[in-house]
Amino acid sequence: MIRRFIVLAALVMLPFVSNSQSLVQFDSELDRTRYYALIQELRCPKCQNQNLADSDSVIAEDLRNQVYVMIKDGRSDQEIVQFMVERYGEFVLYRPAFSLSNSVLWGAPAALILIVLFVAVSRRKAAPQAATAKVDDLQLQQRLDEIDSEKGAE
Amino acid sequence: MIAELGFFALCLSLAASIGTIVTGTLAVTTRQQYLTALVFPLSRMMFVGALASYVVLSYCFYANDFSVEYVANHSNSLLPWYYRLTAVWGSHEGSLLLWVMIQTAWIFVVSVFSKTLPLESRVRLLTVLAAVAAGFLAFTIFASNPFERSFPFVPQNGADLNPLLQDFGMIVHPPLLYMGYVGLSVAYSLAVVALIEGRVDSQWARWTRNWTMIAWSFLTAGIALGSWWAYYELGWGGWWFWDPVENASFMPWLVATALIHSLIVSEKRGAFQQWTILLSLTAFSLSLLGTFLVRSGVITSVHAFASDPERGLFILQFLGMCIGGSLALFAWRAPQLRSLTGYTPLSREALLLVNNLILILAMVIVLFGTLYPLIHDALGMGKVSVGPPYFNLFFVPLMLILGLFMVAGPLANWKQTKSDRMRALVMMPYAVGAVAGVVIAVLYTPWVGVAAGIFVALIAVLFVDTKRKLANRGLSLQSLSRLGVGYWAMHLAHIAFGLCLTAVAITVEYSYETAVRLAPGETKSVQEYSVKLDTVGDLAGSNWVSKQGHVLMSKGDSLVADLYPEKRNYTTRGQIMTEAAIDWGFTRDLYVALGEQFDDGSWSLRVQIKPGVRLIWIAGALMSIAGLMSIYARRRRK
């Protein structure tokens, strides 16, 4: 309830905020870094494909201020992100949520890397016998001769 | 009348491509000499038609012929002539025409410079290339005709070109990129020919390598240039955002990079045959996929696909034919292609295989991340975004691992390297890299340390490799030049990769950004600089008016940069553009963008200090130059 009130208050204050305080001033370097990190990773809901930091649109401006106000309020990054998702959906997250519905998104590349690693290691063990057969040397020599004669011909 | 001639020329080009396909196919089946002789002029005629058509469209733009709808939608009589000419590729239809023109130009070049190939292979190659071109020509003619007229209501003036595209970058970036994409179609066609003939020999590999290398050099330059262009033009200083459009160009690059490496193995060792063929097919298929994803609007908006069923369906069919057809051919014929030689785990082949696996892994992850939002939405699971944090998480470690293997790669011998010999060779570069990396990590940040360590190690490899190669010749200018341009090109490209890693790390870790509010005449400090907004004045161009600030940045008492950022209003479209002012340097860029004006007359200024950012594109340019050097070396060797 209290949280809802704060959100409401923040919303009501938005127009004032954007007029009087467009340029952000922070109490600490940490807050400054947090602000820039957050607006980098949040997507502008109305733009083609831009984050809040880069977009010139009005809504991006508003949401930047929103992030600013919430940081000033002492909210955590998680709370700010939560707030944005509640309003605009997971679409605004450039860092997709680490959730069950996204398990394929996060899991697939990891699984793929592991599979490639496994195959590479197991083939590495199997490779030497096949590779050092005598016949092979013969073929190789012929091949090299061929290449040399081709080069000479050109 | 003239626009109709352009359309006619395009149809002529399509007719010539169909003619090439028919005569080419008949020529190889019936072996009639007159048919074979016909293939060459027909394939060249494709280019003549496409070029004429392209020239006509350019003329329509130049002459402000607004009765042509495409011109009316993307140009304006106030637009300077050079942007009118480049506005040709400012949107879907025209850029497709540019594609077709470049595609047929490549075919022309191939038809002229393919004399070292057996005649039958030449005919087959031109036939396959003509088939690819025919697909594009048909798509342009039937679904994306840029010559359509808007009779009887001809607009007085055009709607103007998107201001973002009114820039030098627009003049060079798309042609370079298309040269790369289309160049990969030659590798694709060569692979199809190899599958049909069931033969991959070292001459085929050498040939494919030359053409792929040219395409790769253009693609590299195109991507680097695109990144640089976005950086200065969009007004927020970003140089890579893992945007679907960026990824569309990057995926073919990753595969092409893998391909130029696997082709070395195929050429020199007669190994990796199937793999090389598969990469050749994939590289171009991905450029097709990427271009169409972007062009059809599937990526930016899922609904554009359905809203233009004609275009969408055509795209799907063509993609299906190119990708599906070639993969089916691959499945059918590839088992005939056998590697002639084997290799051990500690050999140059094995290390090049590692290179290939890492690059392909990276490509698959980028592809997956790019398509995931589409799949997610199509399954009714709602809209999600996949952005830089996701891609970086997987991509950065993969590239660092790649860098580590690149240290060993050039030092390994073909087939087998004795492990104690290998150890002795790689010891120095790894040790030097590790020491440099640790020192830099302590002085700066861990990521910069890792990247710089790899960079230093790659430079050390150059020394070790050169010393090894000169072991029985002695060090002299003559013996150094004997190593060949290709040798230096390879090391240059590798070192440039290390430089790129380092530059990215520095930029990411040390960029500083802030917004300050300044009244004219006021000074504020940003990091070690003091920023003064001197004046804000008015400025006008032929199709825009702007507010131009004069910003002075100084360090201590000395003036560092004199900058003129602008807020431009392109009057025809009423579009506001931020024209950032940049003071560039090898070590850092100072990036200033003019924001909004406040009621009291003061302005907001966005100030960024970006160390190392310039080195990213310099590294890209070096890679591209290295590619061209290696082509030069290979041509001269013949």
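Any residue at all in segment B:447-465 that is surrounded by 17 or more Cβ atoms within 10 Å (Cβ to Cβ), β-branched (Val, Ile, Thr) and within 30 Å of residue B:565 (Cα to Cα)?
Checked segment B:447-465: no residue is surrounded by 17 or more Cβ atoms within 10 Å (Cβ to Cβ), β-branched (Val, Ile, Thr) and within 30 Å of residue B:565 (Cα to Cα).
Can you name the number of the only condition in (1) within 11 Å of chain A (Cβ to nearest Cβ); (2) closer than 21 Å to residue B:517 by Cα; (3) not hydroxyl-bearing (Ser, Thr, Tyr) that residue B:565 fails?
Checking residue B:565 against (1) within 11 Å of chain A (Cβ to nearest Cβ); (2) closer than 21 Å to residue B:517 by Cα; (3) not hydroxyl-bearing (Ser, Thr, Tyr), the one that fails is (1).
Among the residues of segment B:580-600, how many are among the polar types (S, T, N, Q) and either within 11 Å of chain A (Cβ to nearest Cβ) or in contact with a helix residue (DSSP H, G or I) (Cβ under 6 Å, 6 or more places away or on another chain) (or both)?
Of the residues in segment B:580-600, 1 are among the polar types (S, T, N, Q) and either within 11 Å of chain A (Cβ to nearest Cβ) or in contact with a helix residue (DSSP H, G or I) (Cβ under 6 Å, 6 or more places away or on another chain) (or both).
With free of Cβ contacts under 8 Å to residues at least 60 places away in the same chain and surrounded by 20 or more Cβ atoms within 10 Å (Cβ to Cβ) as the only criterion, which of B:590, B:615, B:594 stands out?
Just a single option satisfies the conditions, and that option is B:594.
Among B:227, B:189, B:217, B:185, which is surrounded by fewer than 23 Cβ atoms within 10 Å (Cβ to Cβ) and not in a loop (DSSP other than H, G, I, E, B)?
B:227
Name the residue that is nearest to the other protein chains (Cβ to nearest Cβ), counting only residues in segment B:618-638 that are hydroxyl-bearing (Ser, Thr, Tyr) and buried (at least 16 other Cβ atoms within 10 Å of the Cβ).
Looking at residues that are hydroxyl-bearing (Ser, Thr, Tyr) and buried (at least 16 other Cβ atoms within 10 Å of the Cβ), I get B:630.
Could you tell me whether segment B:160-170 includes any residue that is of a type in the set (Asp, Glu), more than 22 Å from residue B:259 (Cα to Cα), out of contact with any helix residue (DSSP H, G or I) (no Cβ under 7 Å at 6 or more places or on another chain) and not in a helix (DSSP H, G or I)?
Looking for residues that are of a type in the set (Asp, Glu), more than 22 Å from residue B:259 (Cα to Cα), out of contact with any helix residue (DSSP H, G or I) (no Cβ under 7 Å at 6 or more places or on another chain) and not in a helix (DSSP H, G or I), one finds at least one in segment B:160-170, hence yes.
Mind checking whether some residue in segment B:520-539 is away from chain A (no Cβ under 14 Å), assigned to a strand (DSSP E or B) and closer than 12 Å to residue B:593 by Cα?
no
Consider residue B:361 against the criteria (1) in contact (Cβ under 8 Å) with a residue 60 or more places away in the chain; (2) of a type outside the set (Asp, Glu); (3) within 9 Å of chain A (Cβ to nearest Cβ): it satisfies all of them except one. Which criterion is unmet?
Failed condition: (1).
Would segment A:70-91 turn up any residue that is more than 19 Å from residue B:245 (Cα to Cα), within 11 Å of chain B (Cβ to nearest Cβ), among the aliphatic types (A, V, I, L, M) and in a helix (DSSP H, G or I)?
Taking every residue of segment A:70-91 in turn, at least one turns out to be more than 19 Å from residue B:245 (Cα to Cα), within 11 Å of chain B (Cβ to nearest Cβ), among the aliphatic types (A, V, I, L, M) and in a helix (DSSP H, G or I).
Select from segment B:111-133 the residues that are part of a helix (DSSP H, G or I) and either surrounded by fewer than 20 Cβ atoms within 10 Å (Cβ to Cβ) or not assigned by TED's automatic domain parsing to the domain that holds residue B:25 (or both) and list them in ascending order.
B:112, B:119, B:120
Modelled with pLDDT of 90 or more, part of a helix (DSSP H, G or I) and among the hydroxyl-bearing types (Ser, Thr, Tyr), is that true of residue B:291?
So residue B:291 fails the test.
Among B:606, B:573, which is the only one that is assigned by TED's automatic domain parsing to the domain that holds residue B:552 and closer than 20 Å to residue B:515 by Cα?
B:606 is the lone residue from the list that is assigned by TED's automatic domain parsing to the domain that holds residue B:552 and closer than 20 Å to residue B:515 by Cα.
Looking at segment B:364-382, which of its residues are surrounded by 22 or more Cβ atoms within 10 Å (Cβ to Cβ) and either more than 10 Å from every other protein chain (Cβ to nearest Cβ) or not in a helix (DSSP H, G or I) (or both)?
Hit for segment B:364-382 is B:370, nothing else.
For segment B:580-600, name all the residues that are under 22 Å from residue B:169 (Cα atoms), touching a Leu at 6+ places or on another chain (Cβ under 8 Å), of a type outside the set (A, V, I, L, M) and in a strand (DSSP E or B).
Matches in segment B:580-600: B:583 only.
From the residues in segment B:236-264 that are in a helix (DSSP H, G or I) and more than 13 Å from the chain's Cα centre (by Cα), which one is surrounded by the most Cβ atoms within 10 Å (Cβ to Cβ)?
Applying the filter and picking the extreme gives B:259.
Conditions: (1) within 24 Å of residue B:376 (Cβ to Cβ); (2) part of a helix (DSSP H, G or I). Residue A:95 meets all but one. Number of the miss?
The one condition residue A:95 does not meet is (2).
Only one of (1) within 22 Å of the chain's Cα centre (by Cα); (2) within 14 Å of chain A (Cβ to nearest Cβ) fails for residue B:385. Which number is that?
That leaves (1) as the condition not met.
Under 9 Å between Cβ atoms, at least 6 apart or on separate chains: pull out the pairs that start in segment A:89-102 with a residue that is closer than 15 Å to residue A:44 by Cβ and end on any residue that is modelled with pLDDT under 90 and in a strand (DSSP E or B).
Partner pairs satisfying both residue conditions: A:94/A:51.
Just to be sure before I move on: is residue B:142 surrounded by fewer than 17 Cβ atoms within 10 Å (Cβ to Cβ), in the same structural domain as residue B:86 (by TED's automatic domain parsing) and farther than 30 Å from residue B:30 by Cβ in the structure I sent?
yes
The values are calculated or read from the model by the stated rules, or taken from the named source; none is laboratory data. Note that this is a predicted model, so its numbers are computed, not measured. Cβ: placed from backbone, ideal geometry, glycine included. Neighbour counts: every protein chain shown.
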